[in-house]
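> Quick one: the structure is below, and I'll ask about it shortly.
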Amino acid sequence: MKFITGKTISRRTLLRGMGAGVALPFLEAMIPARTRGQSAPRPHRFQAFYVPNGMAMQYWTPSAQGRNFVPPHSGTLEEDLKLTPLLEELAPFKDQIIQFSGLYSTWNALHAGASGSFLTGTPRGGRNEVEIVADVSIDQLLARELGQHTQLASLELSMDAPAMAGACTGALSCAYTSTISWRSATQPLPMDYNPRSVFERLFGDSGSTERGARAARLRQQSSILDSVWEELNSLNREIGAQDKVMMEQYTEAIRDVERRIGLAEAQIDLELPVMDQPAGAPADFDEHMDLMQSLMVLALQTDLTRVVTFMLAKEQSGRQYPQAGVPEAHHPLSHHNDAPDMIDRLSIINRYHLSKFGEYLKKLAATPDVDGSLLDNMSILYGAGISNSNAHAPDNLPVLLVGGGAGRHKGGRHLSYSDRPMLANLLVSIMDKFDVPVERVGASTGELSLQPGERIGANTGKSSLEGLSGI
C-alpha cells in the first residue's frame with residue numbers, strides 16, 4: 001500500500017494522467033499531511049434492510065410482553081434485549097441491536113403502504129396505478145449530504161426484478177411495492193437485482209476487481225472525459241444564450257463524472273478481494289444473496305457509497321423457500337388466518353431471512369474500518385412495514401436498529417411505546433444522528449423519544465436523545 005503524499009496536483013492533470021482506481025476506504029494515508037497524527041473522523045454509514053409480508057409476531061415480540069403484545073400504559077418502557085425465537089439468529093450481535101415495539105405506520109394501504117412509507121414516512125400515495133406520489137426517503141436525504149464525499153451517492157438493491165409499472169396492490173402502482181427509495185415525491189428509484197449490473201456500476205465493465213483491470217477501465221474513462229470537454233468547449237462557442245442554459249445542466253452532469261473520477265484517482269494501490277464480474281443473477285437464492293452481500297460490503301469497504309437500501313424481497317413476494325423447509329409461497333402463507341401451523345411455517349421464513357441478515361452482519365463485522373469494523377460505523381434499519389400480515393396491520397411494526405452508529409448507538413435494548421408513535425419519528429431521529437437534522441420526514445410529528453417515561457413532542461431541531469450515548 002502506497003501512502004498518499006501531501007503534494008497537490010491540479011484536477012485537470014489528474015484527469016489526463018491518473019491511470020486508474022476504485023474507491024479507497026478510510027486510511028491514514030487519506031488524511032491531509034498537515035493533520036496527520038490527529039484522530040481520523042469515523043465515517044457513519046446508513047443502510048435499510050427491508051423484509052416483506054409482515055412477521056410472525058408471536059415469534060418476534062419479547063416474551064415479557066406476552067403472545068399478544070400490549071405496550072405499557074404510559075411513557076416508554078426500556079428493558080434489556082431478549083433473544084426471541086427469531087432474534088436468536090442475531091445472537092452474536094445482541095449488544096449492537098435496538099428492538100422497537102409499538103411503532104405505527106403512517107400509511108395504512110395494504111402492501112403499498114408498507115414499503116411505500118418505510119423510509120418516506122408518507123401518509124398517502126396515489127389513487128390509481130398511474131398516479132405515483134409519496135415523499136423523499138431518508139436514504140436520499142442522507143445521500144444528498146454524504147454523497148458529496150463518495151463516488152456514488154447511494155446504492156439501491158433488491159433480490160427481485162423491478163416492476164415499476166402497472167397495478168400490484170389495491171389498484172395502486174407497482175412502484176410502491178418494488179422500492180423503498182424515493183428521490184422525490186414523484187420519483188421512486190428502481191432497485192437493481194442483477195449482480196452484474198451492480199458490479200458495473202461500482203467498478204465499470206472491467207471484468208474484475210483486480211488492479212490491472214480497474215486501471216485499464218479508468219484510463220478509458222479519463223480519455224473519454226477529456227474528449228467530452230473538448231467537444232463541450234467547442235459547442236459552447238457556437239450556440240446562443242438560451243441553448244447555453246440548457247447545456248449548463250448537461251455540463252453539471254459531466255462535472256459530477258469528473259468529480260467521481262477525481263475521488264477515485266488515488267485508489268489504484270488498494271488491494272481489494274479479487275472478485276470477477278458476475279454473469280448475472282443466479283437462479284439459486286442463496287448464491288444470489290451471497291453475491292449481493294459481497295457487493296454491498298465492497299461498496300462500503302471502498303467508500304464508494306455510504307448509503308445503501310436493500311429489499312430482501314418486494315412486497316407481495318410469492319417466492320418459495322424450500323431450502324428453509326417451507327414449500328408454500330411466502331405471500332399466500334402470510335395470510336395465515338391465525339392458524340397456528342401456518343404461523344409456525346411463516347416464522348420459519350422469517351427466521352431464514354434473519355439468518356441471511358446475520359450472515360451479512362458477520363461480513364460487516366469482519367471488515368476493518370476506522371476505530372473498529374464496518375458494522376461499528378453503520379446504522380442499519382431492519383424490518384417490515386406491516387406486523388400481523390394476515391390483517392396488514394400497520395401497528396407494532398417489527399423494527400430493529402443495528403450497528404454501532406460510529407459510536408452513537410447504545411445497543412442491547414428493547415424499547416416499547418404506549419402511544420403508537422410513528423415510524424416516521426424514528427426516521428427523524430436517525431437523520432439527527434447523522435448530523436443532518438430535518439424538521440420532518442413524511443408525516444412525522446417530531447423525534448422519537450428514546451428515554452423511559454418521555455413523551456414525543458414537536459421537533460425543535462435539537463436532539464431529544466441527549467443523556468444517552470446514542471439511540
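The values are calculated or read from the model by the stated rules, or taken from the named source; none is laboratory data. Please read these numbers as outputs of a predicted model, since none were measured by experiment. Note that each Cβ is placed from the backbone with ideal geometry, even for glycine, and that neighbours are counted across all protein chains shown.
> Name the single residue that is surrounded by the fewest Cβ atoms within 10 Å (Cβ to Cβ) among those in the range 419-448 being at positive phi and among the small types (Gly, Ala, Ser). Give the steps one after another, and end with the answer.
Here is the first cut: in the range 419-448, the ones at positive phi are 420, 435, 442, 446.
Filter again for among the small types (Gly, Ala, Ser), leaving 442, 446.
Numbers: Gly442: 25, Gly446: 20.
That would be Gly446.
> Return a yes/no flag: does the range 136-152 have any residue that is within 17 Å of Gly385 (Cβ to Cβ), crowded, with 23+ Cβ neighbours inside 10 Å and modelled with pLDDT under 95.
No, the range 136-152 contains no residue that is within 17 Å of Gly385 (Cβ to Cβ), crowded, with 23+ Cβ neighbours inside 10 Å and modelled with pLDDT under 95.
> Is it fair to say Gly453 is under 19 Å from Pro123 (Cα atoms), among the small types (Gly, Ala, Ser) and either at pLDDT 95 or above or in a loop (DSSP other than H, G, I, E, B) (or both)?
On the way: under 19 Å from Pro123 (Cα atoms): no; among the small types (Gly, Ala, Ser): yes; either at pLDDT 95 or above or in a loop (DSSP other than H, G, I, E, B) (or both): yes.
Answer is no for this residue.
> Okay, moving on. Checking Leu401 against (1) crowded, with 23+ Cβ neighbours inside 10 Å; (2) without any contact (Cβ under 8 Å) to a residue 12 or more places away in the chain; (3) of a type outside the set (S, T, N, Q), only one condition comes out false. Which one?
(2)
> Can you tell me which residues in the range 316-369 are over 30 Å from Ala171 (Cα atoms) and acidic (Asp, Glu)?
Asp341, Asp344, Glu359, Asp369
> Of all the strands (runs of 3 or more DSSP E) wholly in the range 345-422, which have at least 3 residues that are more than 16 Å from the chain's Cα centre (by Cα)?
Working: elements: 378-383, 399-402, 413-417.
It comes to 413-417.
> Could you tell me whether the range 110-120 includes any residue that is in contact with a Phe, Trp or Tyr (Cβ under 9 Å, 6 or more places away or on another chain), over 24 Å from Asn396 (Cα atoms) and modelled with pLDDT of 90 or more?
Initial filter on the range 110-120 (in contact with a Phe, Trp or Tyr (Cβ under 9 Å, 6 or more places away or on another chain)): 111-120.
Cutting the leftovers down to over 24 Å from Asn396 (Cα atoms) gives us none.
Among the residues of the range 110-120, not one is in contact with a Phe, Trp or Tyr (Cβ under 9 Å, 6 or more places away or on another chain), over 24 Å from Asn396 (Cα atoms) and modelled with pLDDT of 90 or more, which makes the answer no.
> I would also like to ask the following. Residue under question is Ile97, and the condition is that it be among the β-branched types (Val, Ile, Thr), at pLDDT 80 or above, in the same structural domain as His330 (by TED's automatic domain parsing) and under 27 Å from Gln293 (Cα atoms); does it hold?
Working: among the β-branched types (Val, Ile, Thr): yes; at pLDDT 80 or above: yes; in the same structural domain as His330 (by TED's automatic domain parsing): yes; under 27 Å from Gln293 (Cα atoms): yes.
So Ile97 fits the description; yes.
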